[in-house]
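Enquirer: The structure that follows is given in the form of structure tokens.
The values are calculated or read from the model by the stated rules, or taken from the named source; none is laboratory data. None of the values given here were measured: they were computed from a predicted structure. Using ideal geometry, Cβ is built from the backbone for each residue, glycine included, and neighbour counts are taken over all protein chains shown. With ligands, DNA and RNA removed, areas are computed over all heavy atoms of the protein, side chains included. Shrake-Rupley method; radii C 1.70, N 1.55, O 1.52, S 1.80 Å.
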Amino acid sequence: MIGDFRGLYRSFGYHNFDAVLHETEFSFQSVVDPYARADFFYSVKEDHATGEFSSEVEEGYLTTLSLPAHLQLRAGRFKQTLGRVNPVHPHALPFVDMPDAYVNFFGEEGLKGDGASLSWLLPNRIFFQELTVEATNVAGESPSFERSKTNNFLYLAHFKNFWDLSANATLELGFSGISGENLMKKITNVGAVDLTYKWKPVRYNTYKSVTFQNELFYSRALLDSSTVNAIGFYSMLNVQVAKRTFVAARFDYSNRPNSAQFVQQSASLTFGWLATEFQKIEIEGKYTTMNEALPENNNEKNFWQAYLRWIFVIGSHGAHQY
């Protein structure tokens with residue numbers, strides 16, 4: 001079980017401070033037999049506005065273990081293979097809030113759906129390459145896509161390339177393509193690129209590390225009478241300054257999938273302290289500027305936000321993706 005408790009501050013509105021048990025996640029993971037593994041994640045979340053709780057099966061899928069030709073099949077409900085942020089559960093990220101471009105294009109929960117995913121480990125002996133193709137029904141709300149009532153499924157392809165630059169450093173470059181039905185019953189296509197450099201010295205790997213992570217999204221949305229081309233990206237530098245202390249700086253830039261004129265920019269800084277592998281505390285400050293005022297931000301174009309996140313784990317937890 002994973003608990004995610006948060007304290008919040010916003011410089012706009014009358015209710016500036018808040019404290020919520022943001023999410024409680026229960027995970028059930030086991031090998032079914034020599035041919036398959038099952039992973040289920042059940043979450044209970046609190047609505048910040050009302051204080052009421054809702055629950056859902058966040059993920060529940062079966063993964064094959066012995067297909068031939070370096071193939072692996074996944075079926076069920078799962079977070080889709082889009083870049084670096086989407087496949088990861090929020091408690092494992094080095095920042096509290098999600099990048100603006102990610103939220104504006106895919107929503108707070110990101111892309112997940114009910115369907116199938118087939119991945120192929122390419123027989124490349126020089127460096128690691130993996131091709132993944134997925135077809136799903138969209139689950140949950142998304143600014144770019146919706147669950148179709150016809151046969152317009154959400155299709156995704158991701159091509160991952162990974163290099164060992166040295167004993168201390170790695171580089172990952174990924175390309176994604178997504179196509180699905182949008183809120184106007186038309187088609188939205190999204191292209192994405194992710195680039196991640198990691199440095200973790202063999203000799204001092206417990207005390208030092210650096211991660212430079214970037215994702216860019218390009219959206220082409222067909223609406224009722226127009227086509228909107230929008231972009232968004234974030235760039236994050238996460239530095240381990242001591243055995244249990246991390247500092248992460250991030251810059252965000254984003255349009256909206258239905259408005260290329262809308263521009264949102266923000267800068268944030270997060271201090272993270274890992275007490276043990278079962279507990280961590282993070283404090284984040286963020287400043288945002290927009291060229292259009294939005295009702296959800298009390299019609300403020302420029303504002304500050306601050307977050308306190310306390311993550312705690314009961315029981316064993318599977319390893320996260322590298």
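Enquirer: Is there a residue being in contact with a helix residue (DSSP H, G or I) (Cβ under 7 Å, 6 or more places away or on another chain), within 24 Å of D100 (Cβ to Cβ) and surrounded by fewer than 20 Cβ atoms within 10 Å (Cβ to Cβ) anywhere in the stretch 138-147? Quick ask: steps written out before the conclusion?
Expert: Here is the first cut: in the stretch 138-147, the residues in contact with a helix residue (DSSP H, G or I) (Cβ under 7 Å, 6 or more places away or on another chain) are 142-144.
After this cut, where a residue has to be within 24 Å of D100 (Cβ to Cβ) as well, the list is 142-144.
This time we only want the ones that are surrounded by fewer than 20 Cβ atoms within 10 Å (Cβ to Cβ), so: 143.
Checked the stretch 138-147: at least one residue is in contact with a helix residue (DSSP H, G or I) (Cβ under 7 Å, 6 or more places away or on another chain), within 24 Å of D100 (Cβ to Cβ) and surrounded by fewer than 20 Cβ atoms within 10 Å (Cβ to Cβ).
Enquirer: Next question. Out of (1) touching a Lys or Arg at 6+ places or on another chain (Cβ under 8 Å); (2) over 19 Å from K286 (Cα atoms); (3) of a type outside the set (A, V, I, L, M); (4) crowded, with 18+ Cβ neighbours inside 10 Å, the odd one out for P99 is which?
Expert: Against the list (1) touching a Lys or Arg at 6+ places or on another chain (Cβ under 8 Å); (2) over 19 Å from K286 (Cα atoms); (3) of a type outside the set (A, V, I, L, M); (4) crowded, with 18+ Cβ neighbours inside 10 Å, P99 comes up short only on (2).
Enquirer: Give me the residue from the stretch 264-279 that is out of contact with any Asp or Glu (no Cβ under 8 Å at 6 or more places or on another chain) and assigned to a strand (DSSP E or B) and, out of that set, farthest from P201 (Cα to Cα). Give the steps one after another, and end with the answer.
Expert: Taking the stretch 264-279 first, the residues out of contact with any Asp or Glu (no Cβ under 8 Å at 6 or more places or on another chain) are 274-279.
Add one more test, that the residue is assigned to a strand (DSSP E or B), and what stays is 274-276, 279.
Values: L274: 19, A275: 22, T276: 21, Q279: 24 Å.
The qualifying residue farthest from P201 (Cα to Cα) is Q279.
Enquirer: If you don't mind, another one. Is the stretch 290-301 home to any residue that is over 25 Å from Y218 (Cβ atoms) and modelled with pLDDT of 95 or more?
Expert: no
Enquirer: Of the residues that make up the stretch 65-75, is at least one at negative phi, free of Cβ contacts under 8 Å to residues at least 24 places away in the same chain, outside any strand (DSSP E or B) and open to solvent by 30 Å² or more (accessible area, probe 1.4 Å)?
Expert: Residues of the stretch 65-75 that are at negative phi, as a first pass: 65-68, 71-75.
Filter again for free of Cβ contacts under 8 Å to residues at least 24 places away in the same chain, leaving 67-68.
Retained after the next criterion (residues that are outside any strand (DSSP E or B)): 67-68.
Of the ones still in play, those that are also open to solvent by 30 Å² or more (accessible area, probe 1.4 Å) are 67-68.
Taking every residue of the stretch 65-75 in turn, at least one turns out to be at negative phi, free of Cβ contacts under 8 Å to residues at least 24 places away in the same chain, outside any strand (DSSP E or B) and open to solvent by 30 Å² or more (accessible area, probe 1.4 Å).
Enquirer: Just checking, how many residues over the stretch 173-194 are over 19 Å from V133 (Cβ atoms) and either open to solvent by 30 Å² or more (accessible area, probe 1.4 Å) or modelled with pLDDT of 95 or more (or both)? Don't jump to the end; show me each part of the working.
Expert: Step one: list which residues in the stretch 173-194 are over 19 Å from V133 (Cβ atoms), which gives 182-186.
Next, from what is left, pick out any that are either open to solvent by 30 Å² or more (accessible area, probe 1.4 Å) or modelled with pLDDT of 95 or more (or both): 183-186.
Total satisfying the criteria: 4.
Enquirer: Let me ask something additional. Test F5 against the criterion of being part of a strand (DSSP E or B), open to solvent by less than 30 Å² (accessible area, probe 1.4 Å), modelled with pLDDT of 95 or more and in contact with a strand residue (DSSP E or B) (Cβ under 9 Å, 6 or more places away or on another chain), and give yes or no.
Expert: Against the criterion (part of a strand (DSSP E or B), open to solvent by less than 30 Å² (accessible area, probe 1.4 Å), modelled with pLDDT of 95 or more and in contact with a strand residue (DSSP E or B) (Cβ under 9 Å, 6 or more places away or on another chain)), F5 does not qualify.
Enquirer: Next up: Mind listing whichever residues of the stretch 295-312 are surrounded by 13 or more Cβ atoms within 10 Å (Cβ to Cβ) and outside any strand (DSSP E or B)?
Expert: Within the stretch 295-312, N297, N298, E300, K301 qualify.
Enquirer: Just to be sure, is F41 open to solvent by less than 60 Å² (accessible area, probe 1.4 Å), on the phi < 0 side of the Ramachandran plot, hydrophobic (A, V, I, L, M, F, W, C) and not in a strand (DSSP E or B)?
Expert: So F41 does not fit the description; no.
Enquirer: Hey, can you tell me all the residues within the stretch 34-69 that are modelled with pLDDT of 95 or more and of a type in the set (D, E)?
Expert: Residues satisfying the conditions are D39, E59.
Enquirer: Among the listed residues S254, S225, S219, S235, which satisfies the condition of being within 26 Å of T196 (Cβ to Cβ), without any contact (Cβ under 8 Å) to a residue 24 or more places away in the chain and either of a type outside the set (D, E, K, R) or open to solvent by 70 Å² or more (accessible area, probe 1.4 Å) (or both)? Steps first, answer last, please.
Expert: Numbers: S254 fails: without any contact (Cβ under 8 Å) to a residue 24 or more places away in the chain; S225 fails: within 26 Å of T196 (Cβ to Cβ); S219 fails: without any contact (Cβ under 8 Å) to a residue 24 or more places away in the chain.
Exactly one residue qualifies, and that residue is S235.
Enquirer: Then there is this: Got at least one residue in the stretch 198-206 being among the aromatic types (F, W, Y) and under 21 Å from N86 (Cα atoms)? Before the answer, list the steps.
Expert: Initial filter on the stretch 198-206 (among the aromatic types (F, W, Y)): 199, 204.
Adding the requirement that they be under 21 Å from N86 (Cα atoms) leaves none.
No - not one qualifying residue is present in the stretch 198-206.
Enquirer: Say we look at the stretch 43-96 and pick out the residues that are under 21 Å from the mean Cα position of the chain (by Cα) and among the aromatic types (F, W, Y); which of these is nearest to V20 (Cα to Cα)?
Expert: F95
Enquirer: Exactly one of (1) open to solvent by less than 60 Å² (accessible area, probe 1.4 Å); (2) of a type in the set (D, E); (3) part of a loop (DSSP other than H, G, I, E, B) is unmet by E282. Its number?
Expert: (3)
Enquirer: If I filter the stretch 154-171 down to residues being open to solvent by 10 Å² or more (accessible area, probe 1.4 Å) and small (G, A, S), which single residue comes out as nearest to K112 (Cα to Cα)?
Expert: Checked the stretch 154-171; the qualifying residue nearest to K112 (Cα to Cα) is A157.
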